[in-house]
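Trainee: Please see the structure below; I have some questions.
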């Protein structure tokens with residue numbers, strides 16, 4: 001269960017948000033000032049802060065800036081009755097995941113909290129992932145600190161082939177189809193793998209040129225576990241052993257997936273009918289393969 005801190009100097013707003021979120025099943029703490037909020041952040045662990053911008057003494061932007069230093073993994077949702085482009089841009093620069101205008105609908109806030117990226121803070125969810133095979137408990141914990149969870153819905157496109165890759169993607173629950181675009185003579189996406197719980201389904205964020213080489217679409221509702229590519233590469237620099245083990249596991253996974261992809265395309269080629277000999281082949285020219 002994710003712990004949430006609500007920061008607002010208006011009693012009715014603060015207590016209403018707390019009651020709504022607790023009714024939705026969240027654990028909630030409250031603070032009426034920036035100083036109180038920072039004191040709680042230093043002493044306790046939170047996944048998300050719901051932060052009002054207009055606070056006495058310290059502004060919400062001041063609090064957000066200090067939280068980013070104290071606990072950079074905490075995600076923040078900014079709320080305000082006085083929206084401006086300046087504060088919206090500043091909040092985004094400091095990592096706020098959303099900027100909501102009061103009055104905030106409880107259903108919208110609850111949905112945002114459930115579906116947005118939230119810090120895991122628990123390496124136990126990584127148990128059973130082949131990517132981490134060979135790491136000890138402390139090393140798995142270090143990987144866990146980099147992880148975020150994000151819910152996805154059936155039919156959602158998680159990432160698209162040809163776009164910039166920013167994260168590694170692991171299937172925490174549900175199922176995800178991996179498809180590649182094949183041009184002439186098919187001109188369609190071909191599903192080459194279905195990822196299930198415990199599988200890696202996107203690694204392009206740590207492999208040059210850092211572009212997704214396939215698309216990922218959710219087959220059913222579920223959750224993905226994401227690791228920001230730049231964060232993982234920083235960890236590799238600090239820990240050569242983690243870098244060696246994870247890179248070896250990743251190489252094994254990529255090799256197996258490439259073999260599977262070629263097999264899937266061979267089946268598609270045989271079952272979809274052979275185009276005329278004069279047409280182009282999806283496999284390329286024989287002498288140029």
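Trainee: Please pick out the residue among 262, 289 that is modelled with pLDDT of 85 or more, more than 24 Å from residue 129 (Cβ to Cβ) and out of contact with any strand residue (DSSP E or B) (no Cβ under 7 Å at 6 or more places or on another chain).
Mentor: 262
Trainee: While we're looking at this one, here's another question. Would you confirm whether or not segment 92-108 contains a residue that is in a strand (DSSP E or B) and exposed (fewer than 14 other Cβ atoms within 10 Å of the Cβ)?
Mentor: Yes; the residues of segment 92-108 include at least one that is in a strand (DSSP E or B) and exposed (fewer than 14 other Cβ atoms within 10 Å of the Cβ).
Trainee: Which residues, counting only those in segment 155-176, are assigned to a strand (DSSP E or B), free of Cβ contacts under 8 Å to residues at least 60 places away in the same chain and surrounded by fewer than 18 Cβ atoms within 10 Å (Cβ to Cβ)?
Mentor: Selection gives 164, 173.
Trainee: Further, regarding this structure: Output the number of residues of segment 35-48 satisfying the condition of being in contact with a helix residue (DSSP H, G or I) (Cβ under 9 Å, 6 or more places away or on another chain) and modelled with pLDDT under 95.
Mentor: Residues that pass the stated criteria total 5.
Trainee: Criterion first (at pLDDT 90 or above, touching a helix residue (DSSP H, G or I) at 6+ places or on another chain (Cβ under 7 Å), under 18 Å from residue 29 (Cα atoms) and part of a loop (DSSP other than H, G, I, E, B)) does residue 55 satisfy it? Lay out the reasoning, then the answer.
Mentor: Working: at pLDDT 90 or above: yes; touching a helix residue (DSSP H, G or I) at 6+ places or on another chain (Cβ under 7 Å): yes; under 18 Å from residue 29 (Cα atoms): yes; part of a loop (DSSP other than H, G, I, E, B): yes.
Here the answer is yes, as residue 55 does meet what is asked.
Trainee: Consider segment 202-229. How many of its residues are free of Cβ contacts under 8 Å to residues at least 60 places away in the same chain, touching a helix residue (DSSP H, G or I) at 6+ places or on another chain (Cβ under 9 Å) and either over 11 Å from residue 169 (Cβ atoms) or not in a helix (DSSP H, G or I) (or both)?
Mentor: Residues in segment 202-229 being free of Cβ contacts under 8 Å to residues at least 60 places away in the same chain, touching a helix residue (DSSP H, G or I) at 6+ places or on another chain (Cβ under 9 Å) and either over 11 Å from residue 169 (Cβ atoms) or not in a helix (DSSP H, G or I) (or both): 8 in total.
Trainee: Still on this structure: Condition first: crowded, with 17+ Cβ neighbours inside 10 Å, modelled with pLDDT under 90 and either in a helix (DSSP H, G or I) or not assigned by TED's automatic domain parsing to the domain that holds residue 144 (or both). Can you find one or more residues in segment 238-251 that meet it?
Mentor: No, that holds for no residue.
To keep it simple, each residue is scored yes or no on (1) surrounded by fewer than 17 Cβ atoms within 10 Å (Cβ to Cβ); (2) modelled with pLDDT of 95 or more; (3) out of contact with any strand residue (DSSP E or B) (no Cβ under 8 Å at 6 or more places or on another chain).
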{"site": "31", "(1), (2), (3)": "no, yes, no"}
{"site": "63", "(1), (2), (3)": "no, yes, no"}
{"site": "75", "(1), (2), (3)": "no, no, no"}
{"site": "83", "(1), (2), (3)": "yes, no, no"}
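Trainee: Here is a follow-up. May I ask you to list the residues in segment 147-169 that are under 21 Å from residue 260 (Cα atoms) and in contact with a helix residue (DSSP H, G or I) (Cβ under 7 Å, 6 or more places away or on another chain)?
Mentor: The answer is 168, and nothing else.
The values are calculated or read from the model by the stated rules, or taken from the named source; none is laboratory data. As the structure is a computational prediction, the values presented were derived from the model and not from experiment. For neighbour counting, all protein chains shown are included, and Cβ atoms are generated from backbone atoms with ideal geometry for every residue, glycine included.
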